[in-house]
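Notes for the one structure printed next.
Nothing in this text is a laboratory measurement; each read-out follows from the coordinates by a stated rule. Only a predicted model underlies this, so the values are computations on that prediction, with no experimental measurement involved. Every residue, glycine as well, gets a Cβ built from its backbone with ideal geometry; the counts of neighbours run over all protein chains shown.
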Amino acid sequence: MESQLPAEFIVNIDHERCRRCKRCVINCSFSAIEFKDKVTINNRQCVACHRCATFCPESAITITQNPLDYKDGYNWSPEIRKNILKQAESGGIILTGMGNPKPYPIYWDHMLIDACQVTNPSIDPLREPMELRTYLGAKPESLEFEGDINNISLKTELAPQVKLDIPVVFAAMSYGAISLNAHKALAMAAKRMGTLMNTGEGGLHEDLAGYTDRIIVQVASGRFGVTSKYLNNSALVEIKIGQGAKPGIGGHLPGEKVGEDISKTRMIPVGTDALSPAPHHDIYSIEDLSQLIYAIKETTDYKKPVSVKIAAVHNVAAIASGIVRAGADIVMIDGFRGGTGAAPMIIRDHVGIPIELALAAVDDRLRQEGIRNRASILVGGSIRQSADVVKAIALGADACVIGTASLIAMGCRVCQKCYTGNCAWGIATQKPELVRRLNPEVGADRLCNLLTAWGHEIQEVLGSLGINAIESLRGSRERLRGVGLSQETLDILGIKHAGIGQ
Amino acid sequence: MRIDAKGMHYRPMNKMIRDAVASGQKEFELDNIGGQRYIGAGLNENVKITINGTPGNDLGAFMNGPKIIVNANGQDGLANTMNAGEIIVHGNVGDIIGYGMRGGKLYIKGDVGYRVGIHMKEYKKQVPIIIAGGTAGDFFGEYMAGGIMILLGMNGKSPLVGDYVGTGMHGGVMYIRGKVDPYHLGKEVNCLELSEEDTKLISGYLKEYCEYFGFDFNEVMSGKFTKLVPLSLRPYGNMYVY
Ligand code: SF4
Ligand code: SF4
């Protein structure tokens, strides 16, 4: 059927400045640029990935949204009309990538951080030690010691802990959804920065064997690449129940992306769809979840913390409590703005709840039940900047998880076309000629720079708060104030409105 | 090594087994087993474990090599994500056995429960096989992505297999001894007659199977088998629009 859809973007070439080097033609992975005597554009193909504009030596390329005005209609927005056209032409579920772009409230931007003035001194982070170190894992209720004052040792047996030098870890993104070079960059950066990367559900490529002490290995419903060796060669094991971008639905790596290398890592034949069922079919209850948690603990001889990742949904607090009682050492909550390689748009844009509210609710609930010590809380789902990290930790998180931010650091332009496999930046693709565009070393440097910068920024804030360890901020909601929030929202977040003192 | 498991929690018992395996022990006999979970979980060595009694859930989970013989019934989750090895059960077993299993053999003498072989897969030479001598519950071979499943129905009970056989199936093959009514089948499945190669393939496994449980091989082979394969390796390829 011929498409009635107009182009989304218009690419303009300044032919005066263009010196016909054809770099843009070579760089465009979406077939929007050709060379016929001069650079010619197929606007309909452009996704605004900016690859051509970035590499044009003459800055001769500009990309604009197609200024095609629609008859005004607040209700029937152009996007809704275009989606209807797409579906009328295809009969398909609309697929998309990245996180929820809709203008739902961003609560991070309605929270402000406290600072010291006069009566309590701030600390200069440049000249005094500032501790960002964080340990993930179950903490004991109390500590018992043996021996005497000269020779004292810990009697309490500690659950396994994973040390983070900075409370920011890389999010689960599978090899398959993203390229091997992206995985390598994440692994190298995690090792250098003393943090973690996460395999996602696609197994672990053998090239990453040297980084396993910095890798979270995931067990998802498809169980791709999951073996006892995989579980034991890890920093910790994560059971993936849900994902913020697509709560309650499974994963689907299309057969065309399953080439030789992916097939080997996922341990499935070349060309078959890698389907992850929506639920783990051995988990229909908290008791069943506990069974899998302990199957993993038995397999790893109780040496690895086990994390359970869920999407933030309405009943998240009760579910998290169940997860902790089931024996998880870490609860990972992914908010509704979390990214994805591919998800139905209806789910990405309309299902789940914001991470800020979910985090506050979970931390509250675990405290009320007296089990907060039994698990660390990791949160993700659009942590965009170090300020979000500080606010999340003040709300009660142990550490944050960054997916989209880490991809942007490596070059991603958030064009939302990850599911096409044509990522021009070598990230969400398996095509060798595109994967090559991402140099793992350079990617790792960029990721390390980002985390280094965030680390310094967090230290600045800690200094201004007059504390010298991130530990002192954890769950300290008194150091946050809300602006422009309803009383109910403030109550859920457990913070006061700005203007209210102690 | 012989362990009297009466009243023992699974944790110290499995630890004992793991430690003994690490120090070179090759054979285990576990007596008075009554529901202890995770026996053999994650073991990578070619040891033999004989279980006298009914083991608990997740027997042989993530297992990679051992041979386990159960002289009783099994419970749920046997061979969960198993990579290699053998589990032989002289009785019936429960639900979701062979979930995500990727290699090795699972031979059950009697009936199997719901969702057997769900998302079983194969990779090159690693082709898992499940054979059950009795009947099966609903969702037999759901999401099946590889491997071989054979259901024999030797006890003559009916129905031979529950509803939604092979729902979401996108790889592997099932052989069911007897007729499967179309309304039991998932919509991603195709029903075929056996070729000579199929017969050769299953006789190899069934000979071994019959020896374990004392079934008459010729009688088993005299039944008429139905072969089930996926209609597509990409059942949901056309559902999406970009
Ligand atoms: S990259 Fe720039 S200068 Fe080179 S052909 Fe394209 S538009 Fe012209
Ligand atoms: S990863 Fe690639 S395809 Fe996905 S949004 Fe970023 S630039 Fe676009």
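Structural remarks
- What the Cβ-Cβ distance of A:Gln368 and A:Asp124 gives, at R0 = 45 Å and to the nearest 0.05, is a FRET efficiency of 0.75.
- Ordering of A:92-98, B:211-217 by packing is A:92-98, B:211-217, highest average first (other Cβ atoms within 10 Å, averaged per residue).
- Protection-proxy order for peptides A:100-106, A:268-274, each taking the mean of Cβ atoms within 10 Å per residue, highest first: A:268-274, A:100-106
- Shielding by partners, peptide A:223-232 (average Cβ within 10 angstrom, other chains): 6
- Counting Cβ atoms of other protein chains within 10 Å of each residue's Cβ and taking the mean over peptide B:115-124 gives 4.
- As a rough guide to protection, the peptides A:303-312, A:485-494 ranked by mean Cβ packing within 10 Å, highest first, stand as A:303-312, A:485-494.
- Alpha carbon centroid spacing (whole Å) that separates region B:187-206 from region B:113-168: 13
- The label-point distance for B:Cys191 and A:Asn12, in a model that sets each label 7 Å from Cα toward Cβ, rounds to 6.5 nm.
- Backbone phi angles across region A:463-471, fed through the Karplus curve with coefficients 6.51, -1.76 and 1.60 (θ = phi - 60°), yield HN-Hα couplings of x, 5, 7, x, 10, 10, 8, 4, 4 Hz in residue order; Gly and Pro are listed as x.
- Placing unit charges on the Cβ atoms of the charged side chains and taking the dipole of chain A about its Cα centre, the candidate lying farthest along the positive direction among A:Thr452, A:Ala409, A:Leu473 is A:Ala409.
- For region A:1-127: rounded, prolate or oblate by the Cα gyration tensor [a/c cutoff 1.5]: oblate
- Entries of A:Lys417/B:Lys187; A:Lys257/B:Lys67; B:Lys26/B:Lys157; A:Lys304/B:Lys15 with Cα pairs more than 27 Å apart: A:Lys417/B:Lys187; A:Lys257/B:Lys67; B:Lys26/B:Lys157
- When both bridge partners sit in the protein assembly as shown, DSSP labels roughly 30% of those beta bridges antiparallel.
- Restricting attention to chain B, close to 20% of DSSP beta bridges with both partner residues there are antiparallel.
- Entries in A:Lys309/B:Lys48; A:Lys38/A:Lys82; A:Lys184/A:Lys303 that, when Cα-Cα distance is taken, lie over 29 Å: A:Lys309/B:Lys48; A:Lys38/A:Lys82
- Sites B:Arg11 and A:Ser486 - FRET efficiency at Förster radius 45 Å, r taken between beta-carbons, to 0.05: 0.40
- Trypsin sites (Lys or Arg not before Pro) within region A:133-225: DSSP coil, no more than 14 neighbouring Cβ in 10 Å: A:Arg133, A:Lys155
- Alpha carbon centroid spacing (whole Å) that separates region A:230-298 from region A:134-206: 20
- Percent RCO, i.e. relative contact order, over region B:113-242, from Cα pairs under 8 Å lying at least 6 residues apart: 22
- Two-site FRET efficiency, A:Trp76 against A:Lys264, from Cβ-Cβ distance with R₀ of 51 Å, rounded to 0.05: 0.60
- Tilt relative to chain A, helix A:316-325 - C-alpha long axis, 0 to 90 degrees, to 10: 50
- Distances between placed amide hydrogens fall under 5 Å for B:Asp163 paired with B:Asp138, B:Phe139, all partners being 5 or more residues away or on another chain.
- Qualifying trypsin sites (Lys or Arg not before Pro) in region A:340-448, where qualification requires a DSSP coil assignment and no more than 13 other C-beta atoms within 10 Å, comprise A:Arg436.
- Mean separation of Cα contacts under 8 Å (6+ apart) over length of region B:2-230, as relative contact order %: 10
- Once the chain from A:Arg325 to A:Asn66 is taken as fully extended at 0.36 nm per residue, the excess over their C-alpha distance is 87.9 nm.
- Point-to-point label distance, B:Ser23-A:His497, nm (Cα→Cβ direction, 7 Å offset): 6.9
- About the Cα centre, charge dipole magnitude for region A:1-81 (Lys/Arg +1, Asp/Glu -1 at Cβ), debye: 400
- Angle in degrees between helix A:355-368 and the longest Cα principal axis of chain A, rounded to the nearest 10: 20
- Our summary gives chain A a relative contact order of 19 percent, counting only alpha carbon pairs under 8 angstrom and 6 or more residues apart.
- Taking the centroid of alpha carbons for each part, region A:321-335 and region A:25-99 are 41 Å apart.
- Rounded to the nearest 20, the Cβ-based charge dipole of region A:306-394 about its Cα centre (Lys and Arg +1, Asp and Glu -1) stands at 80 debye.
- Average beta carbon contacts from partner chains per residue of B:36-46, 10 Å cutoff: 4
- Options B:Ala20, A:Tyr135, A:Asn151, ranked by Cα towards positive dipole end of the protein assembly as shown, top entry (Cβ charges): A:Tyr135
- For chain B, the longest principal axis of the C-alpha atoms and the axis of helix B:10-22 are separated by about 80°.
- Computed about its Cα centre, the charge dipole of chain A is approximately 1260 debye, with only Lys, Arg, Asp and Glu carrying charge at their Cβ.
- Taking a ≥ b ≥ c as the square roots of the eigenvalues of the alpha-carbon gyration tensor, the protein assembly as shown is classed oblate because a/c is 1.5 or more while a/b is no larger than b/c.
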